[in-house]
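Bear in mind that the values in this text are calculations on the coordinates, not laboratory data. Just so it is clear, the model here is predicted, and its values are computed rather than measured. Positions of Cβ are generated from backbone atoms using ideal geometry, with glycine treated the same way; all protein chains shown enter the neighbour counts.
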Amino acid sequence: MTILEPAVLVFQQTKNIMKNDFAILDGGGVQVAHVETGGSSLGRMFAGSRSLTVFDGPENPVLQVKDAMGLGRDKMEILDGQGNHMANMVKRITFFKTRVTLDYQGEEIDLTGNLWGFNFQIESSAGVLATVSREWSGMGNAVLGKSTYAVQFTNTIDAGRKLALIGAVLALDLIREKENRC
């Protein structure tokens, strides 16, 4: 099974000062992919995670998320497994709230709801594309820096858009980590 097949993906995060890795499971608990933190150890120690790569098998990258560092708003770049541009995600500061949008091939996709609590929806002009919900993984896991959340995709989502949405969920995690370090 590949990461593109399941309608539900469960992200089990393990993070510490040096890494922000994930196991990605299908709805039945079978691992279909994993995420590894990229960049140098020294860079991760001082600036945190700035790059994640999703693998759906040994040495088979399918997706990359990179912090497009610059001044001002946070911007993340989402690339396919070969490093080709797929989408950009931008955190915009508006009056009274934070707005996070994904630009996927000219389509503006919004992440709406409790973004920092990981209970939100991903939607476009076509409607809801996915729903993300945090799941309690126990006090022991919380102390060890582990958290779990599930992404439920609509049945009509195509493979490219699904990969971009997986990248958006991971990019949001990088933004959250960046804010927590400040």
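Before moving on, here are some points about what is shown:
- Candidate aspartates and glutamates for bridging to LYS15, where Cα separation is under 13 Å - those fewer than 8 sequence places away on the same chain excluded: GLU36, ASP173, GLU177
- Taking a Cβ cut-off of under 13 Å around LEU9, the surrounding Lys, Arg, Asp and Glu residues balance to a net charge of -3, with basic ones at +1 and acidic ones at -1.
- Highest mean first, the peptides 79-86, 169-176, 60-67 sorted by other C-beta atoms within 10 Å per residue fall in the order 169-176, 60-67, 79-86.
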